[in-house]
Each structure stands twice: as C-alpha cells, then as structure tokens.
Amino acid sequence: MNLILIGAQGSGKGTQAQRLMELLNLKPCASGDLLRKAVADGTPLGQAARPYMDRGDLVPDDLIIAMILEDIAKMNGSKGIILDGFPRNVAQARALDERFAERRQAIDWAVYLDVPRAALLDRLSGRYICQADGHVYNLKTNPPRVRGRCDVDGSPLVQRGDDTPEKIAHRLDIFFTETIRLTDYYAVQGKLLRVDGMGAVDQVTRAILDGVNAAPFDRAVG
Ligand SMILES: [Zn+2]
C-alpha cells in the first residue's frame with residue numbers, strides 16, 4: 001500500500017507518518033530527507049540536484065521523483081511507502097502518477113489531515129524549540145514543565161526564525177491555495193481519505209486505519 005499524507009505544517013502529519021509507518025510496515029519517504037541524503041552522498045541524482053540547491057532554486061520535479069523511485073526500489077521488506085512532502089501540487093502529482101504507472105505502481109490512498117487554518121495558526125504560533133538541541137514544545141498542547149526552559153536539558157526555549165507570524169501565515173497561504181488542490185485531484189480518482197485532524201493523536205490514527213481499511217495486527221502477522 002502506497003500512501004500520501006497531505007497536511008499543512010502543524011496538522012500533525014509527521015506524528016501520524018511515524019505511527020502509520022510502524023503500524024502498517026510502510027517505508028517513510030520524505031522528499032526533503034531524500035534530497036539532502038542524495039546530495040550528501042554525491043549520488044548521480046544528488047549531483048544533478050546540487051547546482052539548483054546551491055543557487056537556492058527549487059530542484060526540478062523529475063529529479064525528486066527519480067529519487068523517490070530509486071528509494072522505493074529499496075523496500076527491504078516494507079509493504080509500501082508513505083510519501084511526505086511530495087507531491088505539493090497537482091503538476092507534481094500527475095508526474096508522479098505517470099512514473100508510478102510505468103512501473104506498475106500506484107498511489108492507493110491520499111490521506112488529508114483536515115485542520116482549519118485558524119487552528120493551525122494557533123498551534124504554530126505557540127511553537128518553541130530549545131536552544132541546545134532543538135527539542136520541540138508547544139505552549140498550548142505540549143508546554144515545558146518549567147516556563148521557558150527545556151525539560152530535557154534546561155536550555156532556554158526560543159521561537160525559530162521561520163516561525164514568525166508573517167512566515168507562518170505565508171506557508172499556510174501556499175498550502176491552502178496550492179497544495180489543498182491535491183484533495184480534488186485524488187478525490188476524482190476515488191483515493192482521497194479526509195480525516196478530521198482536530199482529534200487526539202490516537203483518534204486520528206484510528207480514523208486513518210479505519211479509512212484505509214487496514215487491520216494493522218493482521219498485517220503484522222501476514
Ligand atoms: Zn532541549
């Protein structure tokens with residue numbers, strides 16, 4: 001089973017990806033990580049991507065997709081992949097579908113973690129990380145025990161430079177004007193699973209599992 005997780009920053013996408021990976025034995029496929037690794041390892045695709053990154057340009061879709069396909073070839077017993085961070089728009093989704101089809105693969109489900117913009121803004125603006133090691137806190141949902149200090153190492157908590165209200169709003173704007181169109185794209189194919197992302201983490205996981213009609217314990221046995 002190949003899944004795509006669609007969700008804005010702050011939707012809980014990373015947490016759910018982690019859980020689904022374990023419960024469904026799926027291989028995580030985060031495009032940003034693949035790209036960084038390919039460049040660091042100096043693979044042919046990494047070398048092709050590097051000049052774009054050095055210039056601060058977007059890496060072309062076909063290079064990213066090639067990295068994803070290369071990664072999928074190394075499944076090591078996983079039963080599918082979870083794509084996180086790609087596709088971000090309909091053009092990328094189409095290109096991905098075409099290349100998947102060439103290999104007789106397909107996306108089975110696109111799971112949309114539905115969280116209203118106002119709630120995302122609220123979650124993201126409460127985000128703090130510790131100076132020493134980047135431990136993440138949220139003043140509303142996951143506050144530190146001592147105000148302004150990391151539970152783990154006691155270092156001061158700060159907001160990241162790209163967590164200013166303007167930058168958060170800008171990223172959410174891009175999501176809600178562009179990435180959100182993926183939901184229509186996959187709905188037309190009958191592959192969209194819309195899940196209420198406002199519930200507790202466990203509830204959201206359960207809703208996703210019910211939706212993709214997968215019994216994780218059966219799968220663990222099989
Ligand atoms: Zn810390």
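Once the convex hull of the alpha carbons of region 116-160 is built, what does its volume come to per residue, in cubic angstrom? Don't skip to the answer; put the middle values down first.
Values: hull volume 2.7 nm³, N = 45.
In region 116-160, the Cα hull volume divided by residue count equals 60 Å³.
Directionally averaged projected area (region 94-168, Cα convex hull): 7.9 nm².
Given in Å, the Rg to one decimal and the Dmax to the nearest whole number for the Cα atoms of region 18-76 are 12.6, 40. With the highest mean first, a sort of the peptides 186-199, 148-161 on other beta-carbon atoms found within 10 angstrom per residue produces 186-199, 148-161.
Put one equal scatterer on each alpha carbon of the chain, apply the Debye formula with no solvent term, and list log10 I(q)/I(0) at q = 0.08, 0.18 1/Å to two decimals. Each listed q maps to, in turn, -0.32, -1.44. Within the straight-line cut-off of under 24 Å between alpha carbons, the lysines reachable from Lys191 are Lys13, Lys27, Lys79, sequence neighbours fewer than 8 places apart in one chain being disregarded.
We did not get these values from a lab; they are worked out from the coordinates using the rules stated. Just so it is clear, the structure is predicted and the values come from calculations on it, not from any experiment. Positions of Cβ are generated from backbone atoms using ideal geometry, with glycine treated the same way; all protein chains shown enter the neighbour counts.
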